[in-house]
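What follows is a set of notes on a single structure, which appears directly below.
The values are calculated or read from the model by the stated rules, or taken from the named source; none is laboratory data. Every value quoted in this text rests on a predicted model; they were computed, and no experiment measured them. No Cβ is skipped: glycine too gets one built from the backbone with ideal geometry, and neighbour counts run over all protein chains shown. Accessible surface is based on the protein model in full, side chains and every heavy atom, while ligands, DNA and RNA are left aside. Shrake-Rupley method; radii C 1.70, N 1.55, O 1.52, S 1.80 Å.
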Amino acid sequence: RLDWFADSTKNVTTLPRIVGGVTEQSTIMAVDVLGLICKDIHRTNHRVAEFAKAGQNHLYFAQIMAAHEMALAFQGNADMNEALKFIGLHWRLPELFLGPGVSGRCIQMGTQYIVNSSSSTDKMPIANASLEMNELWRITIADALASYTPEDDYTSYTILVMGIAYRPDFSDFGYSSGLEIANRLNDWGYKVQIHDPIISNDILANTGLKVYTGGPVEVILLATGHSAYKNIPHETTWWKKDQIVLDACGLWEEHRKLFEVYGVKYIRVGEQGWLDK
């Protein structure tokens, strides 16, 4: 199934469905049942169907990580967010976006499934490099946040990770980049708190990390662009002079001047020189 919960137009009725049974009879039966709601069904066998799903995620993941690789290698040269917008104007390419790393139960895992199933992983350098790049990117974000704290007294600063769910306005946090970055910082000994408006505090507390309960902190990572976060820059109780905000999703880009008024240093992941600021 190729539907996408974040867009009501991309559902099981409007999008193609790939169906492959272990036997021809099971394929026929599945098509009969799914045909009640799916208008565009493509028949195959179960081997092709399972590889098609993992392969779709893998090829998309490889492109995403290539974009992040460029943003890392050329961070001092140009605003990669703007460059990616223009790169995506080519009719063969999707528009790609930077973030805290690839999250969720599909995109990265499609590549991992293929690598794990391969009889010779050394023949899959692109897949392996994509997985390694995702890990390196998460480490880079964690390193950046750590660098905003004083070396001689880093425990006096609190780092708040906002957005544990793996995509906006959705409560699932499977393979969450935000959570992984928070855990990494916590393991390194930094004071970390987490917040998510979609996930209950009881569930967040089960991660073993401290849940944010209010008031300004010294460093913020905006990992997931929930709708509930959209207007937070106008709520002055969140802010104090010399705070640092690392915006991994670009939700607060339009509030740069407001942050200047508050004395908050705003950094957008992927902007020119973002790792040097």
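Scan the stretch 187-213 for residues that are in contact with a helix residue (DSSP H, G or I) (Cβ under 9 Å, 6 or more places away or on another chain), open to solvent by 80 Å² or more (accessible area, probe 1.4 Å) and charged (D, E, K, R) and the total you get is 2. In the stretch 238-266, the residues that are over 19 Å from Ser227 (Cα atoms) and at pLDDT 95 or above reach residues that are β-branched (Val, Ile, Thr) and in a helix (DSSP H, G or I) with C-beta atoms within less than 9 angstrom, at least six apart or across chains, in these pairs: Tyr262/Thr236.
Listed here are the residues, each with its yes/no results for (1) in contact with a helix residue (DSSP H, G or I) (Cβ under 8 Å, 6 or more places away or on another chain); (2) aliphatic (A, V, I, L, M).
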residue	(1), (2)
Glu69	yes, no
Ala73	no, yes
Phe86	no, no
Leu89	no, yes
Gly99	yes, no
Gly104	no, no
Thr111	yes, no
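For the stretch 216-239, which residues satisfy the criterion of being open to solvent by less than 30 Å² (accessible area, probe 1.4 Å) and either farther than 21 Å from Ile141 by Cβ or part of a strand (DSSP E or B) (or both)? Val219, Ile220, Leu221, Leu222, Trp239 - these are the residues of the stretch 216-239 that are open to solvent by less than 30 Å² (accessible area, probe 1.4 Å) and either farther than 21 Å from Ile141 by Cβ or part of a strand (DSSP E or B) (or both). Considering the conditions (1) open to solvent by less than 10 Å² (accessible area, probe 1.4 Å); (2) over 19 Å from Tyr166 (Cβ atoms); (3) not in a loop (DSSP other than H, G, I, E, B), Leu246 is excluded by exactly one of them, (2).
Selection over the stretch 252-277 of residues that are open to solvent by 30 Å² or more (accessible area, probe 1.4 Å), under 22 Å from the mean Cα position of the chain (by Cα) and of a type in the set (A, V, I, L, M, F, W, C) gives a count of 1.
Screening Val19, Val31 for residues that are surrounded by 12 or more Cβ atoms within 10 Å (Cβ to Cβ), of a type in the set (A, V, I, L, M, F, W, C), assigned to a helix (DSSP H, G or I) and on the phi < 0 side of the Ramachandran plot leaves exactly one candidate, Val31.
For the stretch 34-56, which positions are farther than 28 Å from Asp172 by Cα and assigned to a loop (DSSP other than H, G, I, E, B)? Scanning the stretch 34-56 gives Gly35, Leu36, Lys39, Asp40.
Taking (1) in a helix (DSSP H, G or I); (2) out of contact with any strand residue (DSSP E or B) (no Cβ under 6 Å at 6 or more places or on another chain); (3) of a type outside the set (D, E, K, R) in turn, Thr14 satisfies each apart from (1).
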